[in-house]
Amino acid sequence: MKKVGIVMGSASDLPIVEKAINTLKAFEVPYEVHVYSAHRTPAEAGDFARNAQKNGFGVMIAAAGMAAHLAGAIAANTTLPVIGIPCKSSQLDGIDALLSTVQMPSGIPVATVAINGAVNAALLSCQILALSDEKLAKKLADKRAADAAAVLEKDAEIAQTLNQ
Ligand code: RP5
């Protein structure tokens, strides 16, 4: 299976990124994690993106906060699908990172998830890789079914205790 490349702009983003890592682990999807900044280490971020396809990656996740240009910088250097996680790491509650990540010009797409939406970034990566992996597609379908069953179980519990 192809790997997911995870890049974060700073080690301070790790508590958010860990949720993506744990989700990929749960689905047994291979990944590689790096700290490369679009601003502090632009050469390394660019090299990683440029070489990603030939190094066995199928999808990239880029997490950054504040003036979050990392996902766009990665996307500028690869045609692999890039998923951006805007991280809440400033006084602006992540709105700064959300707008910086989501407002890409035509031609260089970044699929942006919610502020701190690391779990969905990982799930979306799995969904992309599952296009050519039936086993992974089945795991995703099973997870959806389990999540739905958990909601209905809560519904039954609440109905029993609250409904007259
Ligand atoms: C961004 O600036 C990083 O992605 C991080 O969210 C934020 C703050 O970085 P540090 O100053 O904590 O390294 O580039």
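Nothing in this text is a laboratory measurement; each read-out follows from the coordinates by a stated rule. Because the structure is a prediction, the values reported are computed rather than measured. For neighbour counting, all protein chains shown are included, and Cβ atoms are generated from backbone atoms with ideal geometry for every residue, glycine included.
Residues with amide H under 5 Å of residue 31's amide H, sequence separation 5 or more or different chain, H placed in the peptide plane at 1.01 Å from N; which?
When sequence neighbours closer than 5 places are left aside, the close amide H contacts are 4.
To the nearest 10 degrees, how steeply does helix 42-51 sit against the main Cα axis of the chain, on a 0 to 90 scale?
So the helix axis and the longest Cα principal axis differ by about 70 degrees.
Enumerate the amide H contacts of residue 61 below 5 Å, restricted to partners 5 or more residues apart or on another chain; note that Pro and chain-start residues carry no placed amide H.
5, 6, 7, 83
At what distance in angstrom do the alpha carbon centres of the stretch 102-164 and the stretch 1-74 lie from each other?
If we compute the Cα centre of each part, the gap is 20 Å.
Read phi for every residue in the stretch 97-102 and hand back ³J(HN,Hα) as whole Hz from Karplus 6.51 cos²θ - 1.76 cosθ + 1.60, θ = phi - 60°, with x for Gly and Pro.
5, 4, 5, 5, 7, 7
For the chain, modelled as a Gaussian network with Cα springs under 10 Å, which listed residue fluctuates most, 63, 45, 137?
137
By per-residue mean of other Cβ atoms within 10 Å, what is the highest-first order of 109-120, 139-150?
By packing density, highest mean first, the sequence is 109-120, 139-150.
Show me the ranking of peptides 123-130, 28-35 by mean Cβ neighbours inside 10 Å, starting with the highest.
The densest-packed peptide leads the list: 123-130, 28-35.
By how many degrees, between 0 and 90 and to the nearest 10, does the Cα long axis of helix 118-129 differ from the longest principal axis of the chain?
Taking the Cα atoms of the chain, the angle to 118-129 is about 80 degrees.
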